[in-house]
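Have a look at the structure below, then the notes.
The values are calculated or read from the model by the stated rules, or taken from the named source; none is laboratory data. Please read these numbers as outputs of a predicted model, since none were measured by experiment. Glycine gets a Cβ as well: all are built from the backbone with ideal geometry, and neighbour counts include every protein chain shown. The area values use the complete protein model at the heavy-atom level, side chains included, leaving out ligands, DNA and RNA. Shrake-Rupley method; radii C 1.70, N 1.55, O 1.52, S 1.80 Å.
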Amino acid sequence: MRASYASDPATARGRRVAEEESTFRSCYQRDRDRIIHASAFRRLKHKTQVFVEHEGDYYRTRLTHSIEVAQVARTIAGALGLNGELTEAVALAHDLGHTPFGHTGEDALHALMAPYGGFDHNAQAIKIVTSLERHYAAFDGLNLTWDTLEGIAKHNGPVTGDLPYALAEYDACHDLELHTHASAEAQVAALSDDIAYNNHDLHDGLRADLFTEAEIAALPLVGAAYAEVDATYPDTDPYRRRHEALRRVFGVMVADVIDTSRAALAESGATSAAEIRMLGRPVIRFSDAMWADLKEIRAFLFRRMYRAPSVMKKRAEVTQVVEELFPFFLENPQMLPRHWARQIEAAGRDRTSLARMVCDYIAGMTDRFAYAEHARLIGARGLALPQP
C-alpha cells in the first residue's frame, strides 16, 4: 500500500518540455526506462568502481554497482510504502556523471577544471540527462520529470553554497529547490548506495587479496555474520562461507534502514512528499549504532583497500592519463570527434566554454577508451597526428 508521503506520479511536477503521457507507463517508469536506454548508462559497464575495469571480470563496475543500488532501493522503498519507480530511476542515474577511473578520475578532472568552475559527478549527471544525451528530436537530454531531476541533484541532501557550474547553469533555468531535502524516494537511493558499496567493496577487496577474512571478521557486523554462518553451515567451502556471511551483512544493513526510517517517518508526521522535503532533516537513515559500525568498516576499507599500495599505484597511472588528455584536447580541439565540431565553433576563443566541452568529452569516456586515446594521441608522441 502506498504511503501518503510517497511521491505520486499523478501529482508529479512535470517535464521541462511538455509531452503527451504514456498510456501504459507512469511518468516515473518512463524516466527509469529512458535512463536505462541512455548511452551514458551503457558506458557505465566499462567504468571503474574501485578496480580499473580491465583488471578482472569479477570486480564491480559502475554499471553493476548501479544495478545493485537499484535492487536495494526497490526493497527499501517497497517496505516503506514509497514509489518504487521513482526510487529506481534515481538509483540507476546516481552515478551517470562519473568519469573514467572512478573517484580518481573525478579528482583529476576537478583539479584541472578549477579555473573553469570545477567538476562534480552529481552535477555532471544532471548535465547528461538534461543536455548531453542527444537522441530525441524534440529536446536535448532525456526530459525527465522534475521529481527525478531533483532526486539526482540532491539525493545526498540539500546543495547550498558555491554550486558546481553544471548544476548552477541548469538550476537557473529550471529551479530544483536545491535548498531543501529531496523526496523520501531519493533519500532511499542515497542510503542504498552506501549499503551496496560497503558490502561489495568488502567482497571485491577479499577477491583482490587486499585483506583476509580473518581481518574483516574483527569488524562490527561482519564478525557476527561469519559466526552465524559457521554455526549453521560448519562444513561449507570457503567461497560459500564468504558469500553467506556478506549477504547477511547486507541484510542487517537493509533491515536497519527500514526499521529506523519507518520510525522516523512516523515521528515526522509528514502526510505528503512536499512535507518530507520541508522537514529540514532526512527521514531515511541508519540507526546511530549502525552508523557507528559503518564508520568503522569504512575506515578499514579506506586504509586497506582505497589506499592499498597496488590501488595507489594504479591511481597515479590513471591520474596521469586524465592530466595529459585534458590539456591536449584543450590545445587541439580539432582532435575531438567530428560531431563536436559545431560546439567547438560555438565556443570560439572562449577558453572556459572550450574547457567545459573538453571536460564533458573526457568525463564521458570509459576506462578502456581513455587508455586507448591516451596511447594514440600522447603515448606515441613521435608519430604525426592526423590533420583536422
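Tabulated data
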| quantity | calculated |
| --- | --- |
| Subset of segment 282-293 (residues that are in contact with an Asp or Glu (Cβ under 7 Å, 6 or more places away or on another chain) and not hydroxyl-bearing (Ser, Thr, Tyr)) | 286, 290 |
| Residue 211 surrounded by 22 or more Cβ atoms within 10 Å (Cβ to Cβ), among the aromatic types (Phe, Trp, Tyr) and within 27 Å of residue 48 (Cα to Cα) | no |
| Test: residue in segment 190-197 that is open to solvent by less than 30 Å² (accessible area, probe 1.4 Å) and assigned to a loop (DSSP other than H, G, I, E, B) | no |
| Those residues of segment 171-186 which are under 30 Å from residue 76 (Cα atoms), more than 16 Å from the chain's Cα centre (by Cα) and not aliphatic (A, V, I, L, M), in sequence order | 171, 174, 175, 177, 179, 180, 181, 183 |
| Among residues of segment 228-243, those that are loosely packed, with under 13 Cβ neighbours inside 10 Å and either in a helix (DSSP H, G or I) or under 35 Å from the mean Cα position of the chain (by Cα) (or both), counted | 6 |
| Residue in segment 176-183 that is small (Gly, Ala, Ser), modelled with pLDDT of 95 or more and more than 29 Å from residue 325 (Cα to Cα) present | yes |
| Selection status of residue 160, on the phi < 0 side of the Ramachandran plot, open to solvent by 10 Å² or more (accessible area, probe 1.4 Å), of a type in the set (Val, Ile, Thr) and at pLDDT 95 or above | no |
| Matching residues in segment 117-129 - criterion: being open to solvent by less than 10 Å² (accessible area, probe 1.4 Å) and in contact with a Lys or Arg (Cβ under 9 Å, 6 or more places away or on another chain) | 129 |
| Filter result (in contact with a Pro (Cβ under 9 Å, 6 or more places away or on another chain) and surrounded by fewer than 18 Cβ atoms within 10 Å (Cβ to Cβ)) within segment 344-369 | 344, 351, 352, 368, 369 |
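To keep it simple, each residue is scored yes or no on (1) modelled with pLDDT of 95 or more; (2) of a type outside the set (Phe, Trp, Tyr); (3) surrounded by fewer than 24 Cβ atoms within 10 Å (Cβ to Cβ).
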| site | (1), (2), (3) |
| --- | --- |
| 28 | yes, no, no |
| 31 | yes, yes, no |
| 36 | yes, yes, yes |
| 76 | yes, yes, no |
| 86 | yes, yes, no |
| 110 | yes, yes, yes |
| 115 | yes, yes, yes |
| 131 | yes, yes, yes |
